[in-house]
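One structure below.
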Amino acid sequence: IMLENELKHSMANNELYVVFQTKHDLLSGELVGMESLLRWSHPQLGNISPIEFIPIAEQSHQIIAIGEWVLNESLAYLTDWIKAGHEDLKVSVNISKKQLVDRAFIPTLKILLDRYQVDPGQLELEITESITSEVDDIIPSLVILKELGVGLSIDDFGKGYSSLSVLNTLPIDTLKIDRSFVQSISSTKYGLDIIKSIIDIGKNMDLCVVAEGVETEAHLEELKKLNCPVGQGYYFSKPLTPERIKSEFLERE
Ligand code: G
Ligand code: G
Ligand code: MN
Ligand code: NA
């Protein structure tokens, strides 16, 4: 079976869906946001990981339509949650470089923000660090997004190649520490040193820092010691369907 062809029917066949993973203020534990993560449940092949199908979607240009669908879904759920009283909640959506450089991306995003009447500051776009190696192509879009008030985050930070000088030219708000560093906290001193450095960079550049892959109490304690403001990971929650997000995180008290 050719995944590229299967992917073409996935949206119409309702095989795609989004799940959400919570982000928390590390000091208070308070819920501060959600990352939306795309899932594909194929009738014959079962669950296919985005690690497998996102590159295919990118190569075949289907990421444009799929990415727009993910944005629409994510904003629709955010709107529901805001209406249910969680007025300050934010949603983060992963965006491919192909989307960022597409001419229709920003007009489409404006239409979606307008449709749902969401404050642009409650949407954050996560872009992977690897695409920042070709910054010239993406800076114009990032500048417009920043002017719109949309939050911008560098995903998997520390794993890729962006130099500090490049970082300084990007109109971003947040660095997301790659989970490999958090996961090496317990085994090596190296992980902790890198996290410390990234938190320093964040402070100096006035950026928020989010640690991903927080899995244990020990991870949490180390990150708190380093004054890392925000975290995400299995310690708090795995990615959940919107229904479970609602029942487990938004209907308490
Ligand atoms: O949730 P999971 O670990 O399976 O995600 C694997 C990878 O797929 C992550 O790097 C994540 O950024 C990426 N991913 C998940 N959803 C989307 C999406 O909607 N768009 C893009 N471009 N990448 C996504
Ligand atoms: O690259 P990106 O940050 O977008 O990928 C997020 C992915 O990381 C999601 O697919 C999610 O399933 C996965 N993930 C989230 N929390 C944890 C965690 O605590 N440990 C591990 N190993 N993976 C996680
Ligand atoms: Mn991400
Ligand atoms: Na990541």
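Tabulated results
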quantity: Some residue of the range 139-148 being within 16 Å of ligand 4 (Cβ to nearest atom) and among the acidic types (Asp, Glu); calculated: no
quantity: Among (1) modelled with pLDDT of 95 or more; (2) more than 15 Å from the chain's Cα centre (by Cα) - the single one Val166 does not satisfy; calculated: (1)
quantity: Number of positions in the range 1-24 that are open to solvent by 50 Å² or more (accessible area, probe 1.4 Å) and in a strand (DSSP E or B); calculated: 1
quantity: Selection from the range 200-226 of residues that are open to solvent by 10 Å² or more (accessible area, probe 1.4 Å), more than 14 Å from ligand 2 (Cβ to nearest atom) and within 21 Å of the chain's Cα centre (by Cα); calculated: Ile201, Lys203, Met205, Asp206, Leu207, Cys208
quantity: Check on Thr108, touching a residue at least 40 places away in the same chain (Cβ under 8 Å) and more than 24 Å from Gly233 (Cα to Cα); calculated: yes
quantity: Residue within the range 90-100 that is within 16 Å of ligand 1 (Cβ to nearest atom), open to solvent by 10 Å² or more (accessible area, probe 1.4 Å), assigned to a helix (DSSP H, G or I) and in contact with a strand residue (DSSP E or B) (Cβ under 8 Å, 6 or more places away or on another chain) present; calculated: yes
quantity: Filter result for the condition that a residue is within 16 Å of ligand 2 (Cβ to nearest atom), surrounded by 14 or more Cβ atoms within 10 Å (Cβ to Cβ) and farther than 24 Å from Val230 by Cβ, over Glu58, Glu68; calculated: Glu58
quantity: Residue check, Pro50 within 17 Å of the chain's Cα centre (by Cα) and more than 27 Å from Tyr161 (Cα to Cα); calculated: no
quantity: Residue that is farthest from ligand 4 (Cβ to nearest atom), among those in the range 27-57 that are in a helix (DSSP H, G or I) and closer than 14 Å to Lys8 by Cβ; calculated: Ile56
quantity: Residue count for the range 137-170, restricted to those that are open to solvent by 30 Å² or more (accessible area, probe 1.4 Å), among the small types (Gly, Ala, Ser) and on the phi < 0 side of the Ramachandran plot; calculated: 2
quantity: Residues of the range 150-164 satisfying the condition of being of a type outside the set (A, V, I, L, M) and within 11 Å of ligand 4 (Cβ to nearest atom); calculated: Ser153, Asp155, Asp156, Phe157, Gly158, Lys159, Gly160
quantity: Any hit, the range 123-130, residues being farther than 20 Å from Val230 by Cβ and open to solvent by less than 50 Å² (accessible area, probe 1.4 Å); calculated: no
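The values are calculated or read from the model by the stated rules, or taken from the named source; none is laboratory data. Just so it is clear, the model here is predicted, and its values are computed rather than measured. Please note: Cβ atoms are built from the backbone with ideal geometry, for glycine as well, and neighbour counts cover all protein chains shown. Quick note on the areas: whole protein, heavy atoms, side chains included, nothing else; ligands and nucleic acids left out. Shrake-Rupley method; radii C 1.70, N 1.55, O 1.52, S 1.80 Å.
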